[in-house]
1. Yes or no: region 96-112 includes at least one residue that is within 26 Å of residue 153 (Cα to Cα) and either buried (at least 16 other Cβ atoms within 10 Å of the Cβ) or at pLDDT 90 or above (or both).
2. Mind checking which residues of region 166-181 are within 13 Å of the chain's Cα centre (by Cα) and either touching a residue at least 24 places away in the same chain (Cβ under 8 Å) or in the same structural domain as residue 87 (by TED's automatic domain parsing) (or both)?
3. Could you tell me how many of the residues in region 195-214 are buried (at least 18 other Cβ atoms within 10 Å of the Cβ) and outside any loop (DSSP other than H, G, I, E, B)?
4. State yes or no: is residue 48 surrounded by 11 or more Cβ atoms within 10 Å (Cβ to Cβ), at pLDDT 50 or above, touching a strand residue (DSSP E or B) at 6+ places or on another chain (Cβ under 8 Å) and over 30 Å from residue 111 (Cα atoms)?
5. With (1) touching a residue at least 60 places away in the same chain (Cβ under 8 Å); (2) at positive phi as the list, and residue 256 as the residue in question, which single condition is left unmet?
6. Can you spot a residue in region 177-190 that is outside any strand (DSSP E or B), in contact with a strand residue (DSSP E or B) (Cβ under 6 Å, 6 or more places away or on another chain), modelled with pLDDT under 95 and within 30 Å of residue 77 (Cα to Cα)?
7. For residues in region 148-165 being closer than 18 Å to residue 135 by Cα and not in a loop (DSSP other than H, G, I, E, B), which is farthest from the chain's Cα centre (by Cα)?
8. Looking at region 231-253 only, could you name the residues that are without any contact (Cβ under 8 Å) to a residue 24 or more places away in the chain and either on the phi > 0 side of the Ramachandran plot or part of a strand (DSSP E or B) (or both)?
C-alpha cells in the first residue's frame, strides 16, 4: 500500500514537472513582438479622382521581427472624417501569431467638396396630390457619386391636404461621414386661374463668395405671361454666405401673380 502511494506521488510529480516545463517552453517560445506600420508623418495629398487602394497605401510599409516584411499583408481598414473635419485613412496588419497593429494618416483632398443637392423642379404641389420630393431633389458627391437614395427628409407638419408653406430640412451624408444640410420651403397650393407659371433652368445653385451671379440666366420660360415682364427680386443686401432666395414673379392678364424661387447656396 505504501509502495503504491509512493509510485502515485512520483507519477504526479513527474506529470507536474512535465506540464510546468511545457508551459515554460510555450511562454518562452511565444512570439511577443508586435508588427510595426511605417508611413510618412506628412499628410497624404490626393485628388478625389485618385481612387484605388494602391494610391491610398503609397509609401506605407509593415515589418515584424519574427515574420519580416509584412508590407504585402497590409490592409486598408477605412477612410473616416473626424469631428475636427480632418480626413484620416487607417491601415491594419496582422502577423502569423495574430497580433494586430493599426495606424492612421491624415488624408488631404486637393479638390474635395461636401455633398451637394440639385433641384430640377420647384417644390410646389397641388392640394391632395402626392408630395414626392425625391423625384426632383437629388444629391451627388465627389467621393461617392450619386447619393440621392441617402437623402433624409425632416419635416414635422408637412401635409398635402392643407394649403401652406412648409420649411423642410434635407440631409445627406457621404461615406466619409460628411453631412450636408439644406432647408427649403415646400409649397402646397393649387394654381389659380390665369396664374403665370415661371420655369427656371434649375432651382438650386451653388456659388463661391465673390463669384459673379446673373439671376436672369436661370429664367427658362413663362406660361401665361411674358419673360420680359418677369421681375427678379434679390435678397436685401445681396447674396450672402449660406442659403439665399431669389424670387421671380410675373403678373398675368387677369392680375394674378405667379412666382418661382431659386435657392442660391454661397460657400
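The values are calculated or read from the model by the stated rules, or taken from the named source; none is laboratory data. Since this is a predicted model, take the numbers as computed values, not measurements. So basically every Cβ, Gly included, is an ideal-geometry build from the backbone, and we count neighbours across all protein chains shown.
1. To start, the set of residues in region 96-112 that are within 26 Å of residue 153 (Cα to Cα) comprises 112.
Narrowing further to those that are either buried (at least 16 other Cβ atoms within 10 Å of the Cβ) or at pLDDT 90 or above (or both): 112.
Yes, region 96-112 contains a residue that is within 26 Å of residue 153 (Cα to Cα) and either buried (at least 16 other Cβ atoms within 10 Å of the Cβ) or at pLDDT 90 or above (or both).
2. First, the residues of region 166-181 that are within 13 Å of the chain's Cα centre (by Cα): 171-181.
Scanning region 166-181 gives 172, 173, 174, 175, 176, 177, 178, 179, 180.
3. Just the residues of region 195-214 that are buried (at least 18 other Cβ atoms within 10 Å of the Cβ), to begin with: 195-196, 198, 200, 203-205.
Add one more test, that the residue is outside any loop (DSSP other than H, G, I, E, B), and what stays is 198, 200, 204-205.
Final tally of qualifying residues: 4.
4. Values: surrounded by 11 or more Cβ atoms within 10 Å (Cβ to Cβ): yes; at pLDDT 50 or above: yes; touching a strand residue (DSSP E or B) at 6+ places or on another chain (Cβ under 8 Å): yes; over 30 Å from residue 111 (Cα atoms): no.
So residue 48 fails the test.
5. (2)
6. Narrowing region 177-190 to residues outside any strand (DSSP E or B): 177-178, 189-190.
Next cut, in contact with a strand residue (DSSP E or B) (Cβ under 6 Å, 6 or more places away or on another chain) only: 177-178.
The next check asks that each one be modelled with pLDDT under 95; those that pass are 177-178.
Narrowing the set further to residues that are within 30 Å of residue 77 (Cα to Cα) leaves 177-178.
The answer is yes, given that some residue of region 177-190 is outside any strand (DSSP E or B), in contact with a strand residue (DSSP E or B) (Cβ under 6 Å, 6 or more places away or on another chain), modelled with pLDDT under 95 and within 30 Å of residue 77 (Cα to Cα).
7. We begin by selecting, within region 148-165, every residue closer than 18 Å to residue 135 by Cα; these are 148-155, 158-160.
Checking the rest, the ones that are also not in a loop (DSSP other than H, G, I, E, B) come to 148-150, 152-154.
Numbers: 148: 11, 149: 12, 150: 9, 152: 12, 153: 16, 154: 17 Å.
Per the stated criteria, the residue is 154.
8. Start the filter on region 231-253 by keeping residues that are without any contact (Cβ under 8 Å) to a residue 24 or more places away in the chain, which leaves 231-238, 244-245, 247.
The answer is 231, 232, 233, 237, 238, 244, 245, 247.
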